[in-house]
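Here the structure comes first, spelled out in structure tokens, and everything after it is commentary.
The values are calculated or read from the model by the stated rules, or taken from the named source; none is laboratory data. Values in this document were obtained by computation on a predicted structure and should not be read as measured data. Quick reminder, even Gly has a Cβ in these numbers, built from the backbone with ideal geometry, and neighbours come from all protein chains shown.
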Amino acid sequence: MTTTRKIKNFDNIIKKNKKEIAELKAQIKELNDKYLRSIADFQNFQKRIEKELSCKEEETKKTYLIELMETYELLKKAYEDNNPKQGLKLIIENIEKFMEKEKIKPIECIGQKFDHKKHNAITTIEKKDCEDNTIIEEVKKGYMVNDKILRHSDVIVSKNKD
């Protein structure tokens, strides 16, 4: 092979490599742009979600504060009334409606078997003619929301004396 041919072959290789380098640089630039746009999109998404959560939190708070104000006003009227029993009855009904709307249900427990998932045993009492781990008294009512525990029932549990 002659020197001229070698130089032409070498020039072709250089041109080919330069073209390939230019294509790779363009590809890198395109991928970098996509990457930067993805980061910007994600940051915008985060900001939008934070704003939506903040708005949702404010709306939820507003809803419960309105309910609380309604109950407060009824309590105030009952306090000022000479016979507050009717006012107290209205307050209880108002709270019961609220609980029903929010799907809050009391946990029924007297006579039931003790279940640590629903109940908090304060103490046990030995009794004759009773089954072990049966709830005999409810000290504080427990509640559930949509089949999830809102508050455990505080209970007294039996222990067979035999």
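Taking region 71-95, which residues are farther than 24 Å from residue 143 by Cα and loosely packed, with under 12 Cβ neighbours inside 10 Å?
76, 79, 80, 82, 83, 85, 86
Given the criterion among the aliphatic types (A, V, I, L, M), in a helix (DSSP H, G or I) and in contact (Cβ under 8 Å) with a residue 12 or more places away in the chain, identify the matching residue among 91, 66.
Residue meeting the stated conditions: 91.
Go through region 104-149 and report how many residues are among the polar types (S, T, N, Q) and either over 22 Å from residue 160 (Cα atoms) or assigned to a loop (DSSP other than H, G, I, E, B) (or both).
Step one: of region 104-149, the residues among the polar types (S, T, N, Q) are 112, 120, 123-124, 133-134, 146.
Then keep just the ones that are either over 22 Å from residue 160 (Cα atoms) or assigned to a loop (DSSP other than H, G, I, E, B) (or both); that gives 112, 133, 146.
Summing the residues that are among the polar types (S, T, N, Q) and either over 22 Å from residue 160 (Cα atoms) or assigned to a loop (DSSP other than H, G, I, E, B) (or both) in region 104-149 gives 3.
Report whether or not residue 110 is among the β-branched types (Val, Ile, Thr), in the same structural domain as residue 153 (by TED's automatic domain parsing) and surrounded by 10 or more Cβ atoms within 10 Å (Cβ to Cβ).
When the stated conditions are applied, residue 110 passes them.
Of all residues in region 129-162 being more than 30 Å from residue 101 (Cα to Cα) and of a type in the set (D, E, K, R), which is surrounded by the most Cβ atoms within 10 Å (Cβ to Cβ)?
159
Tell me whether region 117-128 contains one or more residues that are within 28 Å of the chain's Cα centre (by Cα), loosely packed, with under 15 Cβ neighbours inside 10 Å and assigned by TED's automatic domain parsing to the domain that holds residue 155.
So far as region 117-128 goes, yes, one or more of its residues are within 28 Å of the chain's Cα centre (by Cα), loosely packed, with under 15 Cβ neighbours inside 10 Å and assigned by TED's automatic domain parsing to the domain that holds residue 155.
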